[in-house]
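One structure below.
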């Protein structure tokens, strides 16, 4: 188990968001855009690598790290994708070294996403060597039928083999990703997935309700009426995850995330707490130095921009105190610990309108929200409608 | 021009019996317009009129006709509006004439409006010339029509002229009849100037143009005149006649029909049916038949986009320039924001105004339920008139409510009469008299509450008679009725735009239908919403909209924050366009759907 922030050591089982308000962590996200095939549900930017792409990519990362000029301690690193695990050991090693050369000190938490098929001993060894602490494994399901429905190419046995190898390589922390509400999936199948996942004993679980993103194969099937969405089913699956995982000793700390106490993903808590992160690689998003922005999605586009000395130039948003305060509430409420309203206001030096208090009271009356002094948090029912609440918060906060 | 050679006449007919085609043919025959100039339906100049095949505004036109002996006649054709909403205008147009061509479709026969219009003409003592039109149609049934003429209208069949506006059959005969059967202008020897204003129009450059029929005396440019109803003085700037384009002249003498432009700038200051007289030597009596026109149907007009309020206001004021019978005043609704309470002559008038606001002024609007004027007798406080359910006093203070009724003439095929009678019953009407028109058709005379025919009566009549039924009506007296105000409450808050005044026997049924419709179209919200219909505080119908179950997306990491915010912003914008009723957000679309469904 990793501690992500030194100040937490003295306190017993702290609520993660409290801690993050105290320290000022910086996270680094590295997007590795390569996949061997495209999953039916995936809307993330990724491409099938051509010869020489890995080197061009790594050269780009080197250039971007130069431009980003990181000059302070970095709390967390997260490699996502795409499939970072698709990189050969040598490339993994070079990517790690590029980073380490730029960081004043090694990060306390360093996560790499892998698919079961991409997990190889040599790769794991390379990752351990450069200082990676945490593997996030895209298991998705243990049911062969559902794996096929999702367009995943690994057989279920590959998941067990992968977990075994990760264990033996000696990583401190392991996350398993699960997807639910797959068309045709029964509640029993979902229970079986949860049970098989917890039986493997990871210290972290992410459970994602299948969403139909535009530009995915599933979205096309949905619009053609070949699959359908069922809200009641989604609700029962969400509830099932909450109950079953709690019984197995995992504490929900965000809508889709569960962890053994202390094993929460510090990198993501940093994001939801509206702190700072620097995104490296095509399509990677940053929130740093007064701006929010993203790199272009596309290896060549990204490299072109870097050549012109530009990064995080897409979707640029100026980070004003009002925007950060509003987003702190919207995204803070997605966490089970909730968020401290007065503290957010003080942190960003803003004054929330009276309407906010009125609305919070209404939600309390509707049993969507609980209050504990300055702290607000959603009830189980509130979590189910978090997006609607978020939209209403933005409506009040401008 | 001597009076003996002036004839003033109009054409009256049931809708679609060919009035406009015949008018065109008359203009063409007298070379008033050439074939080339003649676009179909020359006299109806508004787009809407052409589209709906109806005449809304009257346009007089003067023609020169030489009879068979070579005598030259000056004929003034006064077009009449073809709809019951404008029956006062029809009666004023008739008052400007000495005779009328009563047009009857040879295959359709006498219809409800034929009867109503013929009665209007008889009441004005006009000489009526029956014209059986479209006789060249294969379905023409002359025997039936001539029998109906005699039986229903008591007009000798031998007076009828057989004609076809389309192919020009009988046109000469019609002109001869107008010249020789119609009397020359009446009331010409009255000792002072009197002219009847039977319509007016607004011209951006000239201001108000009054269409007049001079009975006695002469109107000249530069004269000072007087509107007799309210003693408003004015100076004549221009006079002329229509041919059919306006032709300026120096004066309009007795018997003439034409236009007068004065220094009056707003049609609201002109009253249709008023008498113009000389200011220096005013007439002692007005021409007969003048009455103040009052709107019968009321509805709130609101902009769908609240920021269009000023645009709506401007469009109403511009419409009113040319339509004095449209009245409006600003009002506000909790649910719909700021808008206007408007009064109309009838349903068609309401529809036309609404269409013109949408088309000509490009304002998207929503109309509340149409209402009539109710008389509410309050305990110890006399009676008040109410045209908006919102102003209904508390039931405990009401002694009695009276509602306006209409006297209707309905024509129906014999085999649909059962359905028509049950429709009349359903609409709380009473059938007072039944008459056989021929083997296949009946004429019903009935009395119905006006508020019951506001919405779907005519459509239903048409549908159950497979299009063969027809109706015409006139307003009758107020009658006491067991009326109640039906309120709709969403999450216990009354929504004023959905309130209506209904008969007690219908409150529950209507309440149920409204609640069900609302429950269907108000989107789920964060909490459970009761939708209720209530009469005087007592709930008569109820539906519940269950709370929203799930609205959350699973993934939200660094790269998703911007995307997520955009999505939430979109949701927020969607909500902004909704109307807030208490805590409930009701989409504008819901109001439109519910109010339209009525």
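The values are calculated or read from the model by the stated rules, or taken from the named source; none is laboratory data. This one's a predicted model, so the numbers in the text were calculated from it and none came from an experiment. Reconstructed Cβ throughout: ideal geometry from the backbone, glycine too, with neighbour counts over all protein chains shown.
A quick yes/no check of all residues on (1) touching a residue at least 40 places away in the same chain (Cβ under 8 Å); (2) surrounded by 16 or more Cβ atoms within 10 Å (Cβ to Cβ):
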site: A:269; (1), (2): yes, yes
site: A:272; (1), (2): yes, yes
site: A:275; (1), (2): yes, yes
site: A:278; (1), (2): yes, yes
site: A:283; (1), (2): yes, yes
site: A:308; (1), (2): no, no
site: A:323; (1), (2): no, yes
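Among the residues of the range B:200-222, those identified as part of a loop (DSSP other than H, G, I, E, B) and either in contact (Cβ under 8 Å) with a residue 24 or more places away in the chain or in contact with a strand residue (DSSP E or B) (Cβ under 8 Å, 6 or more places away or on another chain) (or both) are B:206, B:217, B:218, B:221, B:222.
Checked against the criterion of being under 30 Å from residue A:49 (Cβ atoms), more than 11 Å from chain B (Cβ to nearest Cβ) and touching a helix residue (DSSP H, G or I) at 6+ places or on another chain (Cβ under 9 Å), the candidates A:345, A:380, A:307 yield just one match: A:307. Within the range A:187-217, the set of residues being touching a helix residue (DSSP H, G or I) at 6+ places or on another chain (Cβ under 9 Å), over 30 Å from residue A:127 (Cβ atoms) and in a loop (DSSP other than H, G, I, E, B) comprises A:212 only.
Residues are listed down the side, and each one gets a yes or a no for (1) touching a helix residue (DSSP H, G or I) at 6+ places or on another chain (Cβ under 8 Å); (2) within 14 Å of chain A (Cβ to nearest Cβ); (3) at pLDDT below 90; (4) buried (at least 17 other Cβ atoms within 10 Å of the Cβ):
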| residue | (1), (2), (3), (4) |
| --- | --- |
| B:552 | yes, yes, yes, yes |
| B:568 | yes, yes, yes, yes |
| B:582 | no, yes, yes, no |
| B:588 | no, no, yes, yes |
| B:595 | yes, no, yes, yes |
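Taken over the range A:33-65, the residue count meeting the criterion of being surrounded by fewer than 13 Cβ atoms within 10 Å (Cβ to Cβ) and under 26 Å from residue A:133 (Cα atoms) is 1. Against the conditions (1) more than 14 Å from chain A (Cβ to nearest Cβ); (2) under 30 Å from residue A:369 (Cβ atoms); (3) in contact with a helix residue (DSSP H, G or I) (Cβ under 8 Å, 6 or more places away or on another chain), residue B:489 satisfies every one except (3).
Screening the range A:360-370 for residues that are touching a helix residue (DSSP H, G or I) at 6+ places or on another chain (Cβ under 9 Å) and farther than 20 Å from residue A:327 by Cβ and picking the one that is farthest from the other protein chains (Cβ to nearest Cβ) gives A:370. Could you figure out which of (1) more than 14 Å from chain B (Cβ to nearest Cβ); (2) at pLDDT 95 or above; (3) part of a helix (DSSP H, G or I) isn't true of residue A:220? With (1) more than 14 Å from chain B (Cβ to nearest Cβ); (2) at pLDDT 95 or above; (3) part of a helix (DSSP H, G or I) applied to residue A:220, the lone miss is (2).
For the range B:358-389, the set of residues classified as assigned to a loop (DSSP other than H, G, I, E, B) and either at positive phi or over 22 Å from the mean Cα position of the chain (by Cα) (or both) consists of B:362, B:379, B:380, B:381, listed by residue number.
Residue B:533 is checked against (1) surrounded by 15 or more Cβ atoms within 10 Å (Cβ to Cβ); (2) modelled with pLDDT of 95 or more; (3) closer than 29 Å to residue A:233 by Cβ and fails just one. What number does that condition carry? The one condition residue B:533 does not meet is (3). Counting only residues that are under 23 Å from residue B:409 (Cα atoms) and not in a helix (DSSP H, G or I), the range B:91-126 holds 15 of them.
Residue B:527 meets all of the listed conditions (1) within 14 Å of chain A (Cβ to nearest Cβ); (2) at pLDDT below 85; (3) outside any helix (DSSP H, G or I) but one, namely (2). Looking at residue A:389, is it at the interface with chain B (Cβ under 9 Å from one of its Cβ atoms) and either within 23 Å of the chain's Cα centre (by Cα) or touching a residue at least 24 places away in the same chain (Cβ under 8 Å) (or both)? In short, yes.
Being surrounded by fewer than 15 Cβ atoms within 10 Å (Cβ to Cβ), in contact with a strand residue (DSSP E or B) (Cβ under 7 Å, 6 or more places away or on another chain) and farther than 26 Å from residue B:12 by Cβ is a condition met by no residue of the range B:165-182.
Of everything in the range B:536-550 that is out of contact with any strand residue (DSSP E or B) (no Cβ under 7 Å at 6 or more places or on another chain) and more than 27 Å from residue A:234 (Cα to Cα), the residue that is farthest from the other protein chains (Cβ to nearest Cβ) is B:538.
The set of residues from the range B:279-325 being assigned to a loop (DSSP other than H, G, I, E, B) and in contact with a strand residue (DSSP E or B) (Cβ under 6 Å, 6 or more places away or on another chain) comprises B:279, B:282, B:283, B:286, B:287, B:295, B:304.
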